[in-house]
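First up is the structure itself, then whatever we jot down about it.
Bear in mind these aren't lab numbers, they're just calculated from the coordinates by the rules spelled out. Being a predicted model, the structure only gives us computed values, none of them experimental. Glycine also receives a Cβ, built like all others from the backbone with ideal geometry; neighbour counts cover every protein chain displayed.
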Amino acid sequence: MMPRRRFLAGSLASAAVASPFGIVRGAPVIFDADPYTLGVASGCPREDSVILWTRLAPRPLEEGGMPPSPVEVEWQVAEDEGFARIAAKGVVRATAELAHSVHAEAKGLRPGRVYWYRFRAGPAVSPVGRTRTAPAAGNGNNRFRFAFASCQQYEQGYYTAYRDMAARDLDLVVHLGDYIYEKSWGTRHVRQHGVGIPTTLAEFRNRYALYKSDADLQAAHAAFPWLSIWDDHEVADDYANDRSYTTRDPEQFLKIRAAAYQARYEHMPLPPSARPVGPDATIYAHYRFGDMLDLLLLDDRQYRSAPACVKGGRPTTVADCEERTEEARTMLGASQERWFDARLGDRRGRWTVVAQQTLMAEAKRKDAEGGDRFWMDGWDGYPNARRRLLDSIMTHKVRNPVVIGGDRHAFFATDLKRDFSRSREATIAAEFVGTSITSEGPGESSIRNALAGNPGLVYANGEKRGYAVVELDARSCTVDFEALDDVKDARSAVRRLATFVVEDGVAGVKAA
Ligand code: FE
Ligand code: CA
């Protein structure tokens, strides 16, 4: 990290001649404490741009502790860690309306290279973050490496996985949801939320601030650009569109969803165009990384049909019913389905990674009488929506489709098929599910039960917490499952649990 005092002194000394930041307007701002308590972050990398994020929050757990007035925040992007060669700079107005968060779009950058960035508000200078733009097509980029992560219930363990991740050489981090948890659950807590379930904007802001106060999480944000999607716990357990078993009145629930979506926007490196409008926000997106990768980020929460076969109750694992296989049932909603199909027709990368929330492969369970039971919150509750998605991949003859997911708090490697009951059926895509950063996994018996009755599941492990690293090159996609010895130990070691490979032109998972 750049020594902050040196940067500050240098800036002030040169201010009288020509400020490296340009002209600062507005009243001078004085902080009684460090306002960068939540760190810095970057995200949404394109060939020529990246989004820079921070939030001024001298008292993070008290709604930030900022006065109501706006503050001008300067930002700089440099080609070198010492900020001798500035590549882009600007000024953003941080307002109370958005919790004094900063979302700056740095443009005019060069493709496929590392940059460093920092912020200044009055005399307060931020820590330095490192980021990387997307490589350009035809640039001869022959390797792309990213990590994916999900499910980080704060009370259940330490973010040691992020400390390990931050020390690696990665081009990108993809977060697949459950970045915060609204509720306390699980056993042997190592730290506390300290308050109940958030429903207001102020309460969601404080929940994000608590999670983002973690130094290991901050380190992973400061080290790499991130792309992220949400799952359910950013709002409420197992919600579907405007339905929630915890808040039965849809109108009331949409108020909670609006507060939750806004707080998430305020705390993530997202472009100003991603700001929610009331209870609506578009998060599905297409990112290109040169000739190597097309990354499609999906939203299977905001537009999905109500859970089947549970009569408005919690979508748990229940016996099948006719509603589950109704053709019209959707996970993505009609317009996102059309968008997904069109994006598949406009890809350039050797690899197409579909980043979504949960396990896509069928994982039915046998009950005591030998009947099939399905978990209605996942793709098994929406089998025709899953079939349409896989049909799109087949129709467009996608060369190397790889699906990644989270949510299940277990590692999975699977072969996705149009009909999972026919084990000889051709595999359409490989799938990898990362475990959780901290959140408790399923019991061993449920993993054993799933592996026994579902031929699409190649591998499953629910015992370990951790994350996954994906390395793409011209010949293969290699996926490493990285696992903590003990999530309750802040100094736990991280070890490779398993490695799988997808070979270029060959759908499906192979053990490395
Ligand atoms: Fe989760
Ligand atoms: Ca979830």
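Cα-based radius of gyration for the chain, normalised by 2.2 N^0.38 Å, reads 0.96. For VAL50, nonlocal amide neighbours, meaning residues 5 or more places apart or on other chains whose placed amide H falls under 5 Å from its own, are ALA106. Take every DSSP beta bridge whose two residues both sit in the chain; close to 75 percent of them are antiparallel. What share of the DSSP beta bridges in segment 247-381 is antiparallel, in percent to the nearest 5? Given both bridge residues lie in segment 247-381, the antiparallel proportion sits at roughly 70 percent.
Taking 4.7 Å between C-beta atoms as the pairing limit, the chain has these partnerless cysteines: CYS44, CYS151, CYS477. Each peptide in 395-407, 46-58 was scored by the mean count of other Cβ atoms within 10 Å over its residues; highest first, the order is 46-58, 395-407. Against the main long axis of the alpha-carbon atoms of the chain, helix 444-453 sits at an angle near 50°. Sorted on the mean count of surrounding Cβ atoms within 10 Å across their residues, most packed first, peptides 356-364, 491-499, 264-272 read 356-364, 264-272, 491-499. Give the percent of DSSP beta bridges with both residues in segment 117-232 that are antiparallel, rounded to the nearest 5. In segment 117-232, DSSP labels about 30 percent of beta bridges as antiparallel.
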